[in-house]
Amino acid sequence: MSLPDAVDYPFAWEPPMEVPAGWRTLREHSLQPVRLPSGDPAVLVTRYRDVKALFSDHRLSRNTGRYPTSRISPNNEIFNDPEIDNDPPRYLEERSLVVRAFSARRIESLRPHVWEIADELMDAMAAAEQPVDLMESFAFPLPIRVICRLLGVPHEEHAKFRELVDGFLSVTKLPTEEVERCRVGLWTYLGELIDAKRHHPTNDLTSELVKISDEDQKKLSDHQLQHWVQTLLIAGYVTTASQIGTSMAVLLHRPHLVREVQADFGIVPTAVEELLRYQLMGTSLGSLRYCLEDIELSDGTVVPKGSTVMLSVESNFDEEVFTCPMDLDIHRRENNHMSFGSGIHYCAGAPLARMELQVSMEGLLRRFPGLRLAQPGEDLPRVEGGFLGGFSYVPVRW
Amino acid sequence: MTGLLVTADPTTCVTSCMCVYRAPEVFDQDDDGLVVVLDARPPAELHDAVRRAARGCPTQSITLTDQPL
């Protein structure tokens with residue numbers, strides 16, 4: 001079976017408030033060749049049933065730093081640390097040390113603290129001159145304060161940390177040497193944080209990981225420990241921030257949906273889930289894998305051994321699984337979207353992200369009943385060249 | 001008349017918490033965040049929630065078996 005011509009990835013969002021038209025026809029082919037931002041080739045698995053199956057297929061390796069995997073960008077090291085084993089069994093052993101902090105009960109116990117942070121940020125918004133940029137005043141500060149508290153990063157170091165993460169995550173926007181400076185700076189900072197927690201443990205996840213690791217004959221090397229803390233910081237911050245701001249923009253662009261939520265805040269979790277599915281901020285770049293053996297998809301198409309594979313988050317729009325997938329339906333009941341992935345690499349921070357998104361939506365719509373976009377949604381700028389494709393500026397009034 | 005037998009495999013659980021969200025009467029987690037079945041034979045009114053929980057599990061760690069009452 002012949003494959004279609006390669007297209008550039010990620011797909012362009014034109015107009016910015018609508019799912020790209022190309023996604024409707026994407027699933028005509030089960031495998032779509034793409035060019036990554038680096039120019040390197042990859043293939044995108046387009047259909048939900050294949051995506052779900054392949055997320056649990058051990059013939060796809062997450063050790064993208066160990067094989068000749070295509071690069072997302074020429075100068076970004078993310079997911080490419082050859083010293084880290086991201087495949088089972090080692091990956092699962094390490095992951096199990098981390099995920100216990102993300103059980104439903106432990107996340108629920110954090111909810112009052114997230115409300116406190118949200119209230120503080122909304123107090124500052126209320127005192128500021130309108131319009132206020134929701135990204136800068138709420139969406140970014142909220143998750144960074146939550147994850148810093150979880151990991152024990154001192155408050156006075158949040159700004160420095162944020163600058164380093166922003167630079168490190170920039171896929172093509174910044175000059176190579178600047179990304180490298182941020183990468184090294186962040187790595188060094190995290191090493192110092194771990195060292196500090198080793199000598200002066202506090203009540204946080206980093207201290208707990210150091211303790212578990214040291215007690216159990218260095219279960220994690222310092223490098224592995226540093227890698228996990230870095231992964232949690234990055235994953236807990238930028239993705240959540242982008243989704244908080246972008247999903248609120250998408251909702252505010254549809255005032256009738258805002259009124260529906262305000263009439264019944266009980267639908268917030270379902271609305272949050274649908275906005276996660278709708279994915280106006282994500283790409284499939286985070287799912288990059290290396291294909292160890294030929295893999296046959298459900299229609300017989302073969303993913304060739306040696307190819308770089310992405311499992312598409314665009315499968316959230318597969319009509320075989322989702323009724324009227326292009327519609328934003330905040331009451332959608334069965335919503336097993338792929339925005340957090342699937343299988344053993346399912347986003348460890350998903351329960352935390354969900355809780356933060358719920359608090360954000362309910363908090364903002366309760367505190368500011370007249371909340372609305374201060375400029376047309378079609379004119380909102382998108383993040384350029386970043387790993388994520390959400391909005392960079394969301395001015396609001398109330 | 002058939003009932004529903006619920007089993008879950010903590011060795012493949014990845015702590016997505018989806019089962020606890022969708023059917024909290026039937027699923028819980030231990031101190032390591034791994035799945036625990038609270039009610040292996042849930043009443044009929046919970047079957048829909050339990051099936052949605054099983055479908056939502058990212059590692060298909062929940063097994064449902066129809067069996068005679």
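Exactly one residue out of A:L174, A:L220, A:L186, A:L233 is under 25 Å from A:S392 (Cβ atoms) and either outside any helix (DSSP H, G or I) or among the polar types (S, T, N, Q) (or both), and it is A:L174.
One residue is enough: does region A:89-97 have a residue meeting the conditions hydroxyl-bearing (S, T, Y) and over 24 Å from B:G56 (Cα atoms)?
Taking region A:89-97 as the starting set, the residues that turn out to be hydroxyl-bearing (S, T, Y) are A:91, A:96.
Among the residues that remain, those that are also over 24 Å from B:G56 (Cα atoms) are: none.
No, every residue in region A:89-97 fails to be hydroxyl-bearing (S, T, Y) and over 24 Å from B:G56 (Cα atoms).
Is it the case that some residue within region A:140-160 is under 19 Å from the mean Cα position of the chain (by Cα), at pLDDT below 90, aromatic (F, W, Y) and under 30 Å from A:F368 (Cβ atoms)? No - not one qualifying residue is present in region A:140-160.
Restrict the check to region B:10-26 and report whether at least one residue is surrounded by 14 or more Cβ atoms within 10 Å (Cβ to Cβ), in a strand (DSSP E or B), more than 8 Å from chain A (Cβ to nearest Cβ) and among the aliphatic types (A, V, I, L, M). Within region B:10-26 (the criterion being surrounded by 14 or more Cβ atoms within 10 Å (Cβ to Cβ), in a strand (DSSP E or B), more than 8 Å from chain A (Cβ to nearest Cβ) and among the aliphatic types (A, V, I, L, M)), the answer is no, since none of the residues qualifies.
A:W23 passes every criterion in (1) part of a loop (DSSP other than H, G, I, E, B); (2) of a type outside the set (S, T, N, Q); (3) within 30 Å of A:Q375 (Cβ to Cβ) apart from (1).
Do you know which of the residues in region A:189-204 that are in a helix (DSSP H, G or I) and within 26 Å of the chain's Cα centre (by Cα) is farthest from A:S221 (Cα to Cα)? So, considering only residues that are in a helix (DSSP H, G or I) and within 26 Å of the chain's Cα centre (by Cα), the one farthest from A:S221 (Cα to Cα) is A:Y189.
Quick check: is even one residue across region B:28-48 in a helix (DSSP H, G or I), closer than 23 Å to A:G343 by Cβ and within 13 Å of another protein chain (Cβ to nearest Cβ)? No, the conditions are met nowhere in region B:28-48.
Out of A:E296, A:E334, A:E362, A:E319, I need the residue that is acidic (D, E) and within 14 Å of another protein chain (Cβ to nearest Cβ). Which one? The match here is A:E334. Confirm whether A:I144 is away from every other protein chain (no Cβ under 14 Å), part of a helix (DSSP H, G or I) and β-branched (V, I, T). In short, yes.
Yes/no per residue for (1) over 18 Å from the mean Cα position of the chain (by Cα); (2) not aromatic (F, W, Y):
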{"site": "A:L233", "(1), (2)": "no, yes"}
{"site": "A:G245", "(1), (2)": "no, yes"}
{"site": "A:P255", "(1), (2)": "yes, yes"}
{"site": "A:R259", "(1), (2)": "yes, yes"}
{"site": "A:Y290", "(1), (2)": "yes, no"}
{"site": "A:V302", "(1), (2)": "yes, yes"}
{"site": "A:S315", "(1), (2)": "no, yes"}
{"site": "A:E319", "(1), (2)": "yes, yes"}
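Taking the listed residues A:I84, A:I72, the one that is assigned to a loop (DSSP other than H, G, I, E, B), in contact with a Leu (Cβ under 6 Å, 6 or more places away or on another chain) and touching a residue at least 60 places away in the same chain (Cβ under 8 Å) is A:I72, with no other qualifying. Say whether the condition of being without any contact (Cβ under 8 Å) to a residue 24 or more places away in the chain, facing chain A (nearest Cβ under 8 Å) and in contact with a Ser or Thr (Cβ under 7 Å, 6 or more places away or on another chain) is met by at least one residue in region B:54-63. Taking every residue of region B:54-63 in turn, none turns out to be without any contact (Cβ under 8 Å) to a residue 24 or more places away in the chain, facing chain A (nearest Cβ under 8 Å) and in contact with a Ser or Thr (Cβ under 7 Å, 6 or more places away or on another chain).
The values are calculated or read from the model by the stated rules, or taken from the named source; none is laboratory data. Remember, it's a predicted structure, so these values are computed and weren't measured experimentally. Neighbour counts run over all protein chains shown; Cβ positions are idealised from the backbone, glycine included.
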